[in-house]
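See structure below.
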Amino acid sequence: MRIPIRIGDVLVYLLVFLLTAFSFAGLYQMGKNTVTSQVVVEIDGVVWGTYDLPLEGEEREILVDAGETRFNILILSDSGVYIKEANCPDQLCVSWGRINRPGQTIVCLPHKVVIRIIGSQEGEPPLDGISS
């Protein structure tokens, strides 16, 4: 038995598809623009430095000296933060990749270095006492 497809069926399917596509596009755009983003570098639990992300097209290189000839070279750009080079044995921090949203971190355990992005997303409510 064959069920005929009518023009009304096609219009309903098209409407559902468009609503779904616009919903995903809206969710994608919501998280893109950050109002304020800063990079915090901590060594052994102590804040070593706080940096603003550079403007578009700029790149900044920071040498993070963890003492005793231990170092990490951090690259800050408008598209995010990553570790370019480190002299730790496992190199996990280098292979971690780029972070670019508040809440993301890079950790180098041998050097006890934590790099995280702090800030707030545009349109996001501030954290309350329970979630922080």
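Odds and ends about this structure:
- Residue-level check: of (1) surrounded by 11 or more Cβ atoms within 10 Å (Cβ to Cβ); (2) without any contact (Cβ under 8 Å) to a residue 24 or more places away in the chain; (3) assigned to a strand (DSSP E or B), D9 misses just (3).
- Among the residues listed as I62, I118, I43, I73, the single one being of a type in the set (A, V, I, L, M) and within 17 Å of the chain's Cα centre (by Cα): I118
- Residue in the range 30-37 that is over 15 Å from the mean Cα position of the chain (by Cα) and either of a type in the set (A, V, I, L, M, F, W, C) or modelled with pLDDT of 95 or more (or both) present: no
- Residue in the range 82-97 that is in contact (Cβ under 8 Å) with a residue 40 or more places away in the chain, touching a Lys or Arg at 6+ places or on another chain (Cβ under 9 Å) and either surrounded by 13 or more Cβ atoms within 10 Å (Cβ to Cβ) or closer than 24 Å to G119 by Cβ (or both) present: no
- The C-beta contact set for the range 110-126 (first residue within 14 Å of V40 (Cα to Cα) and modelled with pLDDT of 65 or more, second residue surrounded by 14 or more Cβ atoms within 10 Å (Cβ to Cβ) and among the acidic types (D, E), distance under 6 angstrom, 6+ apart or interchain) comprises V114/E42.
- In the range 42-77, the residue that is modelled with the highest pLDDT out of those that are hydrophobic (A, V, I, L, M, F, W, C) and within 15 Å of G119 (Cβ to Cβ) is L76.
- Test set (1) farther than 30 Å from M30 by Cβ; (2) free of Cβ contacts under 8 Å to residues at least 40 places away in the same chain; (3) of a type in the set (A, V, I, L, M); (4) part of a strand (DSSP E or B) - I75 fails condition number: (1)
- In the set L19, L63, L53, L14, only one residue is closer than 23 Å to V107 by Cβ and exposed (fewer than 11 other Cβ atoms within 10 Å of the Cβ); that residue is L63.
The values are calculated or read from the model by the stated rules, or taken from the named source; none is laboratory data. Remember, predicted model here, so these are calculated numbers, not experimental data. Positions of Cβ are generated from backbone atoms using ideal geometry, with glycine treated the same way; all protein chains shown enter the neighbour counts.
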